[in-house]
Amino acid sequence: MAFFGWVVHYLFMFVVLAAVAGLGIFAGKKWKDSSDAKKASGLSDTKE
């Protein structure tokens, strides 16, 4: 019975860590897109 407890524990930890990684990827993409948009708008103002 203890074996199944460890399996459940490791599966839970896997799900938690995968969720944290997914949130990090999502936040990083949003941050990069926002940064690129600011740079693009700044570049278009200086070229005119």
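Modelled spin-label separation between F3 and L17, with each label point placed 7 Å from Cα along the Cα-to-Cβ direction: 2.2 nm. Taken about its Cα centre, the chain carries a charge dipole of about 40 debye when Lys and Arg each add +1 at the Cβ and Asp and Glu each add -1 at the Cβ. Once the 1.4 Å probe is applied to the protein heavy atoms, the chain comes out at 96 Å² accessible per residue. Taking Lys and Arg as +1 and Asp and Glu as -1, the other residues whose beta-carbon sits under 14 Å from that of K30 total +1. Only one of the values (1) 62; (2) 52; (3) 32 was calculated from this structure for percent of Cα pairs over 16 Å apart; name its label. It is the value labelled (1).
The values are calculated or read from the model by the stated rules, or taken from the named source; none is laboratory data. This structure is a prediction, so every number in the text was calculated from the model and none was measured. So basically every Cβ, Gly included, is an ideal-geometry build from the backbone, and we count neighbours across all protein chains shown. In case anyone asks, the SASA skips ligands and DNA or RNA and just uses the protein heavy atoms, side chains included. Shrake-Rupley method; radii C 1.70, N 1.55, O 1.52, S 1.80 Å.
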